[in-house]
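Read through the structure below, which is laid out as structure tokens, and then see the notes.
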Amino acid sequence: MPQFPTRAGLATVSALTALGAFVSMGTATAAETTLNGEWAPFTRCPVDAPAMLAADGLQKTPQCVVSTSASGTIKLGKTTVITGKTDLQIGVVQNADGTSSVVAPPSGALVADSATVPGGLLGLMCPSQMPVITAICETLNNSGLNKITATMESVGAPYAFDQTAGILTDMPIVALPVRIHLENPLLGSKCYIGTAANPILLRPENRNYPEFGMSFFQGDGTPDEAGEMSRINLTGATQNDSSFAVPAATGCGLNVGLINAAVNAKTGLPSAAGNNSLTLNSTRTHLTGLNAPGTVAPDAGKVLAENRHSAVR
């Protein structure tokens, strides 16, 4: 059997927002590769990353992990909102000493549904006691300038993956740094909640044990009880994180720093740890790898990549 972390309940982080009216947010879902059979969920696994290809199958074992959630809720500062579909995919290299490292896809670990902010700038920063902001608010009614698009972005690879926490409850499973990009002509192109240097850092935990399942398949994804590949399926776990802080919005409003202040005042940012919470409903996590990676050493990473490429339809 492969050296799988028995529960890869990675935090499929939902489309975060500090705005009270967001339905969902995140990076727009790009066209994805269609894969055969048991490979189907692993559309973005970074099998061609150098760290994955270099895994020999003895000291280092390569695996693919995907974790999704269709819905959830998030409280940031003053607001609680419903979240949209999210998809977290990573490569994991399991080390012989029991540690592991995480490899993110080139496009980032997290992809989530995009959304337009209902209410736009009017909902984001109006009314305001700042005269400059009040003047802007008065021009926004029925204006095309009111629309805001929100995108959640990964900023760096996930880290601190704990395979033991994945099968237990109330222990952080992985650290996922993200930021939220707010886009509107009046906000400019550099308006973010969180930054690469100061991200929103999520560390979700299982609140209940997932249902366990396992399947076997050939390298190209065709189900086969005698196949060289295994897939662990863990479904139905609720995940939660109530420990993260949310930094203030920055870079908003072209050269008018006052818009930063308006956004932060209306949404209650920055918001200290303990005032925010994320819950993901019915997460679905799948982990796949070679059944006997040592038998193809030192080429386990290369074989895993070849198998996934053979599954492309």
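The values are calculated or read from the model by the stated rules, or taken from the named source; none is laboratory data. What you see is a predicted model, and the numbers here were worked out from it, not measured in a lab. Ideal geometry is used to build each Cβ from the backbone, glycine not excepted, and the neighbour counts take in all protein chains shown. To get the accessible areas, we keep the full protein, side chains included, count just its heavy atoms, and leave off ligands, DNA and RNA. Shrake-Rupley method; radii C 1.70, N 1.55, O 1.52, S 1.80 Å.
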Revision key, fill the gap. Pro118 fails exactly one of (1) modelled with pLDDT of 90 or more; (2) surrounded by fewer than 23 Cβ atoms within 10 Å (Cβ to Cβ); (3) within 19 Å of Met152 (Cβ to Cβ), namely (1)
Revision key, fill the gap. Residue count, the stretch 33-61, condition touching a His at 6+ places or on another chain (Cβ under 9 Å) and open to solvent by 50 Å² or more (accessible area, probe 1.4 Å), comes to 1
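Looking at Gly253, Gly274, can you tell me which residue is over 30 Å from Leu53 (Cα atoms) and buried (at least 19 other Cβ atoms within 10 Å of the Cβ)?
Numbers: Gly274 fails: buried (at least 19 other Cβ atoms within 10 Å of the Cβ).
That would be Gly253, the only listed residue that is over 30 Å from Leu53 (Cα atoms) and buried (at least 19 other Cβ atoms within 10 Å of the Cβ).
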**Study point:** Which listed residue is among the hydroxyl-bearing types (Ser, Thr, Tyr), without any contact (Cβ under 8 Å) to a residue 12 or more places away in the chain and open to solvent by 20 Å² or more (accessible area, probe 1.4 Å), from Ser215, Ser242, Ser154, Ser189
**Key:** Ser189
Review point. What are the residue pairs meeting all of these: first residue in the stretch 39-61, first residue more than 14 Å from Ser101 (Cα to Cα), second residue open to solvent by 40 Å² or more (accessible area, probe 1.4 Å) and not hydrophobic (A, V, I, L, M, F, W, C), Cβ atoms under 7 Å, and 6 or more apart or on different chains?
Key: Thr43/Glu32; Thr43/Thr33; Arg44/Glu32; Arg44/Ser107; Asp56/Pro298; Gly57/Pro298
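May I ask you to verify whether Leu287 is modelled with pLDDT of 90 or more, surrounded by 15 or more Cβ atoms within 10 Å (Cβ to Cβ) and not in a strand (DSSP E or B)?
no
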Check your understanding: Which of the residues spanning the stretch 56-107 are over 16 Å from Ala157 (Cβ atoms), in a loop (DSSP other than H, G, I, E, B) and of a type in the set (A, V, I, L, M, F, W, C)?
Key -> Leu58, Ala70, Ala96
